[in-house]
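Quick one: this structure, given as structure tokens, is what I'll be asking you about.
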Amino acid sequence: SPEQLASPCGYTQTLGGSFGVNEKGEQIFYGVCQGNPAQVIAYNVDTATAEDIKPLQGPDTVGKAAYAADVGPDGRVYIAAHQFFFIYDPATKKVTSYPSPFSEGSVMNRGTFDQEGNYYFGTYPNAMLIRYNVKTDKLEQLAKNLVVGDYVKAMSIYDDKIYAGALGYQDTGT
């Protein structure tokens, strides 16, 4: 049966999150608590304690919510939504803010990683494909209108190809 572990965010929504393992082998839930600014939390499931809570804000941006909070192969947490992008490093407990190359309203779902550790995600309402390039430490817009529809709802990589699904509608003109 379900068991409530804690409420580190209080009474706000946790929209995006994923799991990682710390240096002790403990399961850590990384989530984004909605707010102004939103906060990234590192919650140790094994010890039932919040290990870290950091605001998602940079010099020119304040994150308010995020559906995409994905632990990468390097152990860092990649967070994308609402015209912002952050990387949270559990080892240093620091949040880095990146200027956004897109003026889209949202990122509506989780992203995915390729074999080199680059991070890909899709946007709303123009279904753009964005890549965080680990070699250049920058965001790049790779494609616009990647799928037919309003936004990328699911994405994965297989055999060096990106597969994306969309949700939305097309105006038939009637």
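Readers should treat all values here as calculations from the given coordinates under stated rules, not as data from a laboratory. Just so it is clear, the structure is predicted and the values come from calculations on it, not from any experiment.
In whole Hz, what ³J(HN,Hα) sequence does the stretch 41-56 give by Karplus (6.51, -1.76, 1.60; θ = phi - 60°), x for Gly and Pro?
These are the phi-based 3J(HN,Hα) values: 10, 10, 10, 7, 5, 5, 9, 6, 9, 7, 7, 6, 9, 10, x, 9 Hz.
By a straight-distance test (C-alpha under 25 Å), which lysines pair with Lys135 as possible cross-link partners, with residues fewer than eight away in the same chain excluded?
Straight-distance partners of Lys135: Lys93, Lys94, Lys144, Lys161.
Mind listing the long-range amide H neighbours of Asp52? Cut-off is under 5 Å, sequence gap 5 or more, other chains count too, H placed in the peptide plane at 1.01 Å from N.
Residues meeting the criterion, in which the H sits 1.01 Å from N, are Ala42.
What residues have an amide H closer than 5 Å to that of Phe84, excluding those fewer than 5 places away on the same chain, when H is modeled at 1.01 Å from N in the peptide plane?
none
Extension gain Ala91-Gln115, at 0.36 nm per residue separation less the Cα-Cα distance, in nm?
Numbers: separation 24, 0.36 × 24 = 8.64 nm, distance 2.19 nm.
Between Ala91 and Gln115, full extension yields 6.5 nm more.
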